[in-house]
Amino acid sequence: MNLQISNALTLLHHHLGDNLLAVHLFGSAVSGGLKPASDIDLLVTVRTPLSDSTRKVLMTDLLRLSAWPATAHLRPLEVTLLVHDAVRPWRYRPMRELQFGEWLRDALQAGRFEPAMADHDLAILLSKARQHAISLLGPPAAALFEPVPEADMIRALHDTAAQWNGPDDWLGDECNVVLALARIWLTLSSGEIAAKDVAADWLLERLPPEHRPLLETARDVYLGQARDDLAQRPQALAAFIGYARHQIERLRSESANR
């Protein structure tokens, strides 16, 4: 087992004890292969909600096990923690108990900790985990979690795309937003959940020529083959995001009318 993952498991056991029900490794580490900037994605399931003190110390200690940019020994961690009863039986939008990621580092170091909150993205995350996940502790994800209904999956994909309305919504995260839209588009079209570069390749064959260079750059940045200059191409970026969101809305409407 990767030493970073092993250390994360030790930390989770230490802070959560008997409350810890399951830990699953999912995402690109399992389904697509880790790329140069890939996170290590962990889904943690507990029996009961966390106390404020446990939430704070766990988030703070996870900072020591994560790094951005990646180093020779540490990758960025993304840890999503949920209470089992919050997702079984399934309902939309489920509660997320905790989420840790490198985008929160400044806030965590300043002592700002997110509370539990409803999160539509759990529909997508649990669908990924049920399809491709390694159980590091507890039963397989497909046994622990119920399937997400197709209507809720479509709704979650739409709710994700609807977050990106203007430049302030993708500032500093341009590459991830472009690739996320490609993944959403592919999933709505085919039902498949694919790696970011796979989704980009699929969409490049379907895009009008004027939008292809931006997506090609985002894909190549993800693969470690290009410099990320998307923030310096604001008009092309806004045009791609607007076009992709329009097509995603069209696909959602077609699904609703079937």
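The values are calculated or read from the model by the stated rules, or taken from the named source; none is laboratory data. What you are looking at is a predicted structure, and each value in this text was computed from that prediction instead of being measured. So basically every Cβ, Gly included, is an ideal-geometry build from the backbone, and we count neighbours across all protein chains shown. For the accessible areas, the whole protein counts, side chains as well, though only heavy atoms, and no ligand, DNA or RNA atoms are used. Shrake-Rupley method; radii C 1.70, N 1.55, O 1.52, S 1.80 Å.
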>> Looking only at residues that are touching a residue at least 60 places away in the same chain (Cβ under 8 Å) and either closer than 16 Å to H13 by Cα or not charged (D, E, K, R) (or both) in the range 56-84, which one is surrounded by the fewest Cβ atoms within 10 Å (Cβ to Cβ)?
In response: H73
>> Restricting to the range 196-221, count the residues that are open to solvent by less than 20 Å² (accessible area, probe 1.4 Å) and under 22 Å from G27 (Cβ atoms).
In response: 5
> When you go through (1) part of a helix (DSSP H, G or I); (2) open to solvent by 30 Å² or more (accessible area, probe 1.4 Å) one by one for Q163, which number turns out not to apply?
Replying inline: (1)
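Check L104, L74, L58, L62 and return the single one that is touching an Asp or Glu at 6+ places or on another chain (Cβ under 9 Å), at negative phi and either at pLDDT below 95 or not β-branched (V, I, T) (or both).
After applying the criteria, what remains is L104.
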> If we scan the range 26-47, do we find a residue that is more than 18 Å from the chain's Cα centre (by Cα) and under 29 Å from P147 (Cα atoms)?
Replying inline: yes
> Does the range 143-156 contain any residue that is open to solvent by 20 Å² or more (accessible area, probe 1.4 Å), among the acidic types (D, E) and not in a helix (DSSP H, G or I)?
Replying inline: yes
>> Return the residues of the range 114-142 that are farther than 23 Å from S6 by Cβ, crowded, with 16+ Cβ neighbours inside 10 Å and over 15 Å from the mean Cα position of the chain (by Cα); say none if nothing qualifies.
In response: A116
> Which of the residues that make up the range 1-55 are out of contact with any strand residue (DSSP E or B) (no Cβ under 7 Å at 6 or more places or on another chain), at pLDDT 95 or above and open to solvent by 70 Å² or more (accessible area, probe 1.4 Å)?
Replying inline: T10, H14, D18, D52, S53
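Checking the condition among the basic types (K, R), surrounded by 14 or more Cβ atoms within 10 Å (Cβ to Cβ) and in a helix (DSSP H, G or I), which residue from R183, R250 passes? Walk me through it before giving the result.
Details: R250 fails: surrounded by 14 or more Cβ atoms within 10 Å (Cβ to Cβ).
After ruling out the rest, the residue left standing is R183.
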